[in-house]
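Here is the structure we will look at, set down as structure tokens.
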Amino acid sequence: DKEEALQVIHDVATENMGALCVTEAYRSLKTPLGTSQYDGARQKADMAGMLLQDLGVTHHNGLLDALARSLLVSDRHVLAARVLALNASSSNLINSVSWQRQSWVGPIRCKKWACALAHVQIPSIHGTRMLTSPGLWSPKFMPSPTNISYRGWWTFPYFSCAVRRWLLSYSVSIPPPIKHGVKGFLSLDIDISGLEVNQCDPGSEPTLSNQIEALSGTHKCHNDTTQCDYHPSQGWVRGGYQCVCRKGFYSLTQKGIFNGTLIEAAWLENEMNVSSVYHEMFRCLKCAPGCETCHNNAPCLATYNWPFRISLLAVSVSCVVFTLGLVGYVYQHRKIKVFKVASPIFLGITLLGCAIMYLEMAAIFPVLDLYSCIATKWSRHLGFCITYTALLMKTWRVSLTYRVKSAHKVKLTDKQLLQWMFPILLVMLIYLGTWTLSAPPTAEQIQDQAGLRFKQCTYNWWDHSLAIGEVLFLSWGIKVCYNVRNAESLYNEARLISYAIYNIALVNTAMVAFHLFIFPQAGPDIKYLLGFIRTQLSTSVTVGLVFGPKVVRVLRGQGDQWDNRARARGVTASFSLNGIGLMPEETADLYQENEELKEEIQKLAAQIEFMKIVHMEMNNRHLKPKPGGYFNAANTAITLQSPVCKTTSSFLAKNTPGGEESCIVSSTECTSERV
């Protein structure tokens, strides 16, 4: 039994041997020992046994002496060698030769056959017969390996009181040539005091040749909290190891390192129900969650203020519900002019993008991991792309219409803008999909200002590249908004969209400055609050600017009334189809267009007729105007200020009797008619 063997080792090491060396000359360990490192000495002993079997052991004293001495000096581990000649019938000793190694003298020949013959000295004839008879096995010998043929037997390791050393003996029986002849016995004593008792578990590294493998794994460390740490050069001692706290555990005593000898003693007391110190003092405590190493129970992870985070998440989820409800509201009132001229389809796309941006707060709410980081990147960047691409497409249409310098009518429909918008969204989807499949963002641990760790999504060149692209996109949007700063649109839509673009650029810049310079080591709750503020200042402000005035007009009952200020500045229904009024594609009102064209043609014909008469009067000075006519002195000032008349028939009536005054109209009437 291994525990009995350890107890014998401990008794010998502490010289608490009791009857050992008083009534017993040796004490063996019933523990097998690896003998491969002593195969050289064993093979020489087998060859010597074969030689003596062929030549006999009766009349060759010189040969016996030479063989015993050569076996001793042939290997440094051999402590003693001996050859015995015994009567085959009575097992009485006939002759013996014994050599022993002395550290201060060298090999010496013993005068008595029992010199250093501790373990093989058998007091009884029965014992000698059992030991030396070929084919019989003694419990003093270890089982021989099945794959190797031995001529002799290895004994179990034993402590010899004669030499005060741990020995291992190899014995070879030499059978007699005839039935009642002389048989021989050859024995080697191997000094194994240089071996070491390693009680730790066998690890990935191979066990050293000087360590006893049979006793490995007999340590008494608590495997769940401690691990065995063996220190070489301990020799034959029990508890020649230390129990060290495992990674993630600590102990307030002994700095987490426990002496193996004390643990062995405490274990024995626990087995005998004497004391429970073994479980109380030699077990390590688990560190606080997240601590890889620690010396006490101090926390290593930052704490999350869950009620605070839940309240912010509730606000964000309410915003998502409100935004989706606003989509239904816009769809329900899509035929009202205030929504109709603003392209309801683009309004719906903008609101869906805002809802996705709000969902970022749900993605970063729990303790971050791989999936929450992927959701964070998708909700943030895809929502941004959808929202502000839809807004900038409308602003870009205003810019193109506003900057046109020809009389050609520029007309960009919603379908055409969607065709421009689709490639932008496709590029974003391909980028995010490639990012997710090839190098998905993971959560890494960072420290706050108190040294407490928490997880944050990694930032690498994927983030930086996308950030650069978004900055360039916003720069183009700011340029477009700057180009339309003086443009007039129905319900002031272009200017409100420009304010939303300026706002998102300013908010993102401010939040980056907060994260890098003001709160570089903020805790998880502060970062969550900053994310909430950024979402509200960017997304909620955008929703308020773009949809707030429209909803207010509808609630006031003014949703179907034209923006009088825009119409007074020249934004007519015909111009709205060019994009200034952001009028969506719809069926043209042919009657209204015909009336407007008639009005313009009449004004142009009146101007042409007026200039014709003026040139005729100027080039024919001999013609005198009739008294009271259109070109007399009294009416010249008035007529020159009124080049446009109501209808062409009014100008034609001035040459008829009684029709001269029908073309005389006030300046105020003609001017208002032009406007």
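The values are calculated or read from the model by the stated rules, or taken from the named source; none is laboratory data. Every value quoted in this text rests on a predicted model; they were computed, and no experiment measured them. Cβ atoms come from the backbone with ideal geometry, glycine included; neighbour counts cover every protein chain shown. Areas reflect the complete protein model, heavy atoms only, side chains present, ligands, DNA and RNA absent. Shrake-Rupley method; radii C 1.70, N 1.55, O 1.52, S 1.80 Å.
Here are the numbers for the structure shown:
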read-out	value
Some residue of segment 176-197 being within 38 Å of the chain's Cα centre (by Cα) and of a type outside the set (Lys, Arg)	no
SER90 being hydroxyl-bearing (Ser, Thr, Tyr), surrounded by fewer than 22 Cβ atoms within 10 Å (Cβ to Cβ) and closer than 22 Å to ILE178 by Cα	yes
Selected residue (only one of THR395, THR389 is farther than 30 Å from LEU437 by Cα, buried (at least 19 other Cβ atoms within 10 Å of the Cβ) and modelled with pLDDT under 95)	THR395
Neighbours by Cβ (under 6 Å, 6+ apart or cross-chain): first from segment 253-280, over 19 Å from GLN199 (Cα atoms); second open to solvent by 30 Å² or more (accessible area, probe 1.4 Å) and in a helix (DSSP H, G or I)	SER275/GLU269
Residue tally, condition farther than 20 Å from LYS377 by Cβ, open to solvent by less than 40 Å² (accessible area, probe 1.4 Å) and modelled with pLDDT of 90 or more, over segment 511-529	1
Within segment 236-249, tally of residues that are in contact with a strand residue (DSSP E or B) (Cβ under 6 Å, 6 or more places away or on another chain) and more than 17 Å from LYS2 (Cβ to Cβ)	6
Helices (runs of 4 or more DSSP H) wholly inside segment 2-92 that include at least 3 residues being within 17 Å of ARG109 (Cα to Cα) and touching a Leu at 6+ places or on another chain (Cβ under 9 Å)	61-73
Selection count, segment 247-276, where residues are surrounded by fewer than 18 Cβ atoms within 10 Å (Cβ to Cβ) and in contact with a Ser or Thr (Cβ under 6 Å, 6 or more places away or on another chain)	1
Any chance ALA375 is among the small types (Gly, Ala, Ser), in contact with a Leu (Cβ under 7 Å, 6 or more places away or on another chain), part of a helix (DSSP H, G or I) and modelled with pLDDT of 90 or more	no
Selection count where residues are surrounded by fewer than 12 Cβ atoms within 10 Å (Cβ to Cβ), within 24 Å of CYS245 (Cα to Cα) and under 20 Å from the mean Cα position of the chain (by Cα), scope segment 291-305	1
Subset of segment 201-227 that is out of contact with any helix residue (DSSP H, G or I) (no Cβ under 7 Å at 6 or more places or on another chain), at pLDDT 85 or above and among the charged types (D, E, K, R) - its residue that is farthest from GLU264 (Cα to Cα)	ASP224
Qualifying residue in segment 321-332 (condition: open to solvent by less than 20 Å² (accessible area, probe 1.4 Å), small (Gly, Ala, Ser), modelled with pLDDT of 85 or more and part of a helix (DSSP H, G or I))	no
Pairs, first open to solvent by 70 Å² or more (accessible area, probe 1.4 Å) in segment 612-629, second at pLDDT 60 or above and among the acidic types (Asp, Glu), C-beta under 8 Å, six or more apart	LEU623/GLU617
TRP153 being open to solvent by 30 Å² or more (accessible area, probe 1.4 Å), modelled with pLDDT under 80 and of a type outside the set (D, E, K, R)	no
Every residue from segment 26-49 that is open to solvent by 70 Å² or more (accessible area, probe 1.4 Å) and either in contact with a Cys (Cβ under 9 Å, 6 or more places away or on another chain) or within 27 Å of PRO176 (Cα to Cα) (or both)	GLN43, LYS44, MET47
Where HIS119 falls short, out of the listed (1) closer than 19 Å to ALA214 by Cβ; (2) loosely packed, with under 15 Cβ neighbours inside 10 Å; (3) at pLDDT below 65	(2)
Residue match in segment 211-234 (condition: open to solvent by 70 Å² or more (accessible area, probe 1.4 Å), touching a residue at least 40 places away in the same chain (Cβ under 8 Å), of a type in the set (D, E, K, R) and in contact with a His (Cβ under 7 Å, 6 or more places away or on another chain))	no
Any chance TRP104 is buried (at least 17 other Cβ atoms within 10 Å of the Cβ) and either at pLDDT 80 or above or farther than 23 Å from PRO32 by Cβ (or both)	no
Filter pass, LYS286 being touching a Ser or Thr at 6+ places or on another chain (Cβ under 7 Å), touching a residue at least 12 places away in the same chain (Cβ under 8 Å) and open to solvent by 80 Å² or more (accessible area, probe 1.4 Å)	no
Qualifying residue in segment 338-355 (condition: of a type outside the set (S, T, N, Q), open to solvent by 40 Å² or more (accessible area, probe 1.4 Å), part of a loop (DSSP other than H, G, I, E, B) and over 15 Å from ALA443 (Cβ atoms))	no
Which numbered condition LEU52 fails, given (1) without any contact (Cβ under 8 Å) to a residue 24 or more places away in the chain; (2) open to solvent by less than 60 Å² (accessible area, probe 1.4 Å)	(1)
Candidate set: segment 513-551, residues that are β-branched (Val, Ile, Thr) and touching a residue at least 24 places away in the same chain (Cβ under 8 Å); chosen: the one farthest from GLN449 (Cα to Cα)	VAL551
Failed condition for ALA500, given (1) modelled with pLDDT of 85 or more; (2) hydrophobic (A, V, I, L, M, F, W, C); (3) part of a loop (DSSP other than H, G, I, E, B)	(3)
